[in-house]
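Reviewing the structure listed below.
The values are calculated or read from the model by the stated rules, or taken from the named source; none is laboratory data. Here the structure is a predicted model, which means the values were calculated and not measured. Please note that ligands, DNA and RNA were not included when accessible areas were found on the heavy atoms of the full protein model with its side chains. Shrake-Rupley method; radii C 1.70, N 1.55, O 1.52, S 1.80 Å.
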Amino acid sequence: MNTILRKSILGIAGLAFTGGVFAGPVAAHAAETTHAAKPVSVSVQGDKLIPHGVQGNQSRIDLNDEQTKNVKAIIAATKKVGMDERAAVVSIATALQESKLENLGHLGDRNDHDSQGLFQQRPSSGWGTVEQITDPEYSTTAFLKGLKQVDGWKDMPLTKAAQTVQVSAYPDHYAQWEQQAADLVAEHWNK
């Protein structure tokens with residue numbers, strides 16, 4: 001990994017950690033309906049989308065048109081930067097955890113600091129301007145740029161790869177969305 005970029009990523013992560021500023025899930029979505037599913041040891045999608053099997057109980061939400069549009073935007077951005085389906089699974093699972101695939105603006109008192117957009121990225125942590133991080137293509141590209149810098153991200157569990165980029169206060173929560181993310185990529189990748 002590029003040493004300067006690694007230092008930048010670690011600097012941002014360190015700033016977020018020492019300042020007590022984490023990009024955890026937004027409380028505004030606590031009331032949304034999620035459906036728990038049983039853990040799956042081997043994915044029906046195969047090795048490409050879920051190479052390690054899923055970890056723990058899986059959650060699932062019903063998506064509206066806006067959320068589906070955001071799934072398609074994440075997939076398009078992933079293809080545009082030349083990354084594969086697994087990168088799209090990691091991205092979609094991360095966005096499911098962070099925003100339930102809703103492109104969130106500032107939520108006032110319910111906001112996690114200045115986190116916004118699909119990935120709850122923070123302008124104050126160097127992710128971009130508010131306009132940029134609330135643009136699905138930009139925010140996905142920014143997330144994927146960070147993911148590319150994670151040595152061995154393809155060989156690690158989804159939640160570890162996502163956490164390395166996101167630096168969340170809830171690092172294990174990404175895992176619960178892996179099956180739905182894989183299902184969405186399988187459904188929309190070739191459309």
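Considering all different alpha carbon pairs of region 121-188, the Kirkwood hydrodynamic radius works out to 13.1 Å. With all pairs of different C-alpha atoms in the average, the Kirkwood value for the hydrodynamic radius of region 70-190 is 14.0 Å. In this structure, the pairs whose alpha-carbon distance is over 19 Å, taken from 69/191; 80/148; 100/148; 160/191, are 100/148; 160/191.
Taking amide hydrogens as placed 1.01 Å from N in the peptide plane, the amide H of residue 117 sits under 5 Å from those of 104, 105, each at least 5 positions away in sequence or on another chain. With all protein chains in place and ligands, DNA and RNA left out, the 1.4 Å accessible area ranks 172, 135, 151 as 172, 151, 135, largest first. For residue 48, the lysines whose Cα falls under 16 Å of its own Cα, not counting residues fewer than eight places away in the same chain, are 79, 154.
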